[in-house]
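Asks: I have a structure I would like to understand better, so I am pasting it below and will then ask my questions one at a time.
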């Protein structure tokens, strides 16, 4: 599934080619996407595209009096093409823009083409989204606060779009490796120091992926039709059994929330603390030693 870097790569490719253009028409070949394409979408002709924004994994095409909301689903891609480009089997939607068109290709049909005339922040799909990880809103203190009282594994917390948007499965595994955090660790155990390292690792990982054009594991291509190549730089994702690029330990794969998680058991070793019983035994032993020493001292000092 395209994650934040792939969607941002798409946005950056679309924005300069769409902004300022007048929509000449709409062609809907397959209305049965994740949600049916509405009549409002079919009647966009005459509107001018002002800008293309992103919120989480959603693309927002600003048309002045409303927004076209686009989602790539699990296998979708958006490309800008000449108007005479023939449509293929999985090319479901075209936005006609003079001498070019914006085409959605979605083989598995989990994508979305929606319209809203109200503030996008109030739209049901966007209203409850969490912090944008590439903004100043996510720092170590904010991430630490988000983990308080939460016993879910830290990797699943990073993938919860109600808390942090767009990180996704691939980049959660990569970010946790970069911060040296075990993906199985309960979120509430994340220290402030580790939260700062993890927040920085999330930003660093996402930015590197964007510069690499995202990850193309199956269907994803950018707006220019080129695949991304960040998958060639993975530290842990999809490398089960291969040696860690840092320490040589074989990478492990586990399943969390029905998704594969990859990590290095050495570089991401959980910090362990003594059990209360062990601590109590050691404390008791030290106390007993001090008491015996005190009794011997008193015995030597007493008159005979």
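Laboratory data are not the source of any read-out in this text; all were calculated from the coordinates shown. This one's a predicted model, so the numbers in the text were calculated from it and none came from an experiment. Here the Cβ positions follow ideal geometry from the backbone for every residue, glycine too, while neighbour counts run over all protein chains shown.
Asks: So how much slack lies between residue 12 and residue 224, counting 0.36 nm per residue of separation and subtracting their Cα-Cα distance, in nm? List each step's numbers first, then the result.
Replies: Values: separation 212, 0.36 × 212 = 76.32 nm, distance 1.04 nm.
Difference between extended and current length: 75.3 nm.
Asks: How would you rank 68-74, 25-31, 155-161, highest first, on the average number of other Cβ atoms within 10 Å across their residues? Each step should come with its number before you reach the end.
Replies: Numbers: 68-74: 21.7, 25-31: 14.9, 155-161: 20.1.
Packing proxy ranking, top to bottom: 68-74, 155-161, 25-31.
Asks: Please give the residues of the stretch 161-182, grouped as numeric ranges, whose backbone N is less than 19 Å from a label point set 7 Å along the Cα-to-Cβ vector of residue 74.
Replies: The answer is 161, 166-171.
Asks: Still on this model: Using a Förster distance of 51 Å, how high is the FRET efficiency between residue 141 and residue 42, based on the Cβ-Cβ distance and rounded to 0.05?
Replies: 0.65
Asks: Rank by packing, highest mean first: peptides 116-124, 199-207, with packing defined as the count of other Cβ atoms within 10 Å averaged across residues. Numbers along the way, then the final one.
Replies: Values: 116-124: 11.7, 199-207: 19.3.
Top to bottom by mean Cβ count within 10 Å: 199-207, 116-124.
Asks: For residue 258 paired with residue 24, estimate the spin-label separation in nm (one decimal), with each label point 7 Å from Cα along the Cα-to-Cβ line.
Replies: Placing both labels 7 Å beyond Cα along the Cβ direction yields 4.4 nm.
Asks: Quick one: which of 82-88, 172-178, 245-251 comes out on top by average Cβ neighbours within 10 Å, and what's the full order, highest first?
Replies: Numbers: 82-88: 10.4, 172-178: 26.0, 245-251: 13.9.
The peptides rank, most packed first, as 172-178, 245-251, 82-88.
Asks: Could I ask something else about it? Using 0.36 nm per residue, how much length does the chain from residue 192 to residue 152 gain when fully extended, once their Cα-Cα distance is taken away?
Replies: Numbers: separation 40, 0.36 × 40 = 14.40 nm, distance 1.72 nm.
Separation in residues times 0.36 nm, less the Cα-Cα distance, equals 12.7 nm.
Asks: Modelled label-to-label distance, residue 247 and residue 81, 7 Å Cα→beta-carbon offset: nm?
Replies: With each label placed 7 Å out from Cα toward Cβ, I get 4.8 nm.
Asks: Nearest 0.05, what FRET efficiency do residue 117 and residue 32 give at R0 = 30 Å with Cβ-Cβ as r? Could the numbers behind the result be given before it?
Replies: Working: r = 23 Å, r/R0 = 0.78.
Computed FRET efficiency for residue 117 and residue 32: 0.80.
Asks: Starting from the 7 Å offset along Cα-to-Cβ, what nm value, one decimal, do you get for the label separation of residue 89 and residue 203?
Replies: 4.5
Asks: May I pose another question? Could you please tell me the mean projected area of the C-alpha convex hull for the chain, averaged over all directions and given in square nanometres to one decimal? Present the calculation step by step, with values, prior to reporting the outcome.
Replies: Working: hull surface 84.8 nm².
Mean shadow area of the hull around the Cα atoms is 21.2 nm².
Asks: Same structure, new question: Return the calculated 222 nm mean residue ellipticity for the chain, to the nearest 500 deg cm²/dmol, obtained by summing -39500 (n - 2.57) across DSSP H runs with n ≥ 4 and dividing by the residue count. Show your work: numbers first, answer last.
Replies: Details: 7 runs with 90 residues, N = 304.
Helix contribution divided over all residues of the chain: -9500 deg cm²/dmol.
Asks: Quick one: angle between helix 276-301 and the longest Cα principal axis of the chain, in degrees between 0 and 90, rounded to 10, please.
Replies: 20
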